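Take a look at the structure below.
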Amino acid sequence: MIIGVTGGIGSGKSTVARLFGELGIGWVDADDVAREIVAPGEPVLDAITERFGMQVLNNNGSLNRATLREIVFTDPSQRAWLESVTHPRIRERLLEHLRQLCTQSPYVLLVSPLLFESGQDALVKRTLVVDVPEAEQLARTLARDHVSEQQVRAILAAQLPRDVRLSRADDVIDNSRGRNHTQRQVAALDQQYRNSIT
């Protein structure tokens, strides 16, 4: 059984995934896979460089994610092009990781900020939304990523609105009240998921 875990930027998806991991549950993060597929030597990085030029590369040949983010979040047509190149490869690589994890875990998590937007929800049996108020998303992301408020707002605008995401959730974790509160919710859901597969 694959559980899709999603939530807006700064909602704490990785924290929740690590808490499930502490209970022995395998997980793969679409953001990590998105970084994997643009590593030097990967065909996707070559395609990106061909389209946007050397400005999107760091001196060591790796992708300059900040420069690319600036380009694609100011021009929707460039973002659409980037997604058309990256999403199929991310999906393919995610499936490879999930197949491997399924052999070692009672159920697995697919952690993805764009679970619904990218159609990855078709790969999962249940969806779990990690939720915090938008003001908290903004504050956490500004503190963590050292990017401008304008850029965070552009990312928020590109993601599904909070109410739509919540309306599509099978399960919700409120991650706005501290680690212990989140941990208790994770433990309860872990039990529920284990029970549903026995």
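When segment 144-184 is limited to residues that are of a type in the set (S, T, N, Q) and modelled with pLDDT of 90 or more, the one that is surrounded by the fewest Cβ atoms within 10 Å (Cβ to Cβ) turns out to be 180. Scanning segment 34-50 for residues that are over 30 Å from residue 106 (Cα atoms) and buried (at least 19 other Cβ atoms within 10 Å of the Cβ) yields 38, 44, 48. The set of residues in segment 2-33 that are under 9 Å from the mean Cα position of the chain (by Cα) and either buried (at least 21 other Cβ atoms within 10 Å of the Cβ) or under 22 Å from residue 196 (Cα atoms) (or both) comprises 5, 6, 7, 8, 13, 30. Taking segment 1-34 as the range and being touching a residue at least 12 places away in the same chain (Cβ under 8 Å), over 22 Å from residue 122 (Cβ atoms), not in a loop (DSSP other than H, G, I, E, B) and not β-branched (Val, Ile, Thr) as the test, the residues that pass are 14, 19. Within segment 51-64, the set of residues being assigned to a helix (DSSP H, G or I) and either among the polar types (S, T, N, Q) or in contact with a helix residue (DSSP H, G or I) (Cβ under 8 Å, 6 or more places away or on another chain) (or both) comprises 51, 52, 55, 56.
The number of residues in segment 110-165 being in a loop (DSSP other than H, G, I, E, B) and under 13 Å from residue 6 (Cα atoms) comes to 13. Checked against the criterion of being part of a helix (DSSP H, G or I), of a type in the set (A, V, I, L, M) and touching a residue at least 60 places away in the same chain (Cβ under 8 Å), segment 66-84 contains one or more residues that satisfy it.
The values are calculated or read from the model by the stated rules, or taken from the named source; none is laboratory data. Predicted model, so just to flag it, every value in this text is computed and none were measured. Positions of Cβ are backbone-derived with ideal geometry, glycine not excepted, and every protein chain shown enters the neighbour counts.
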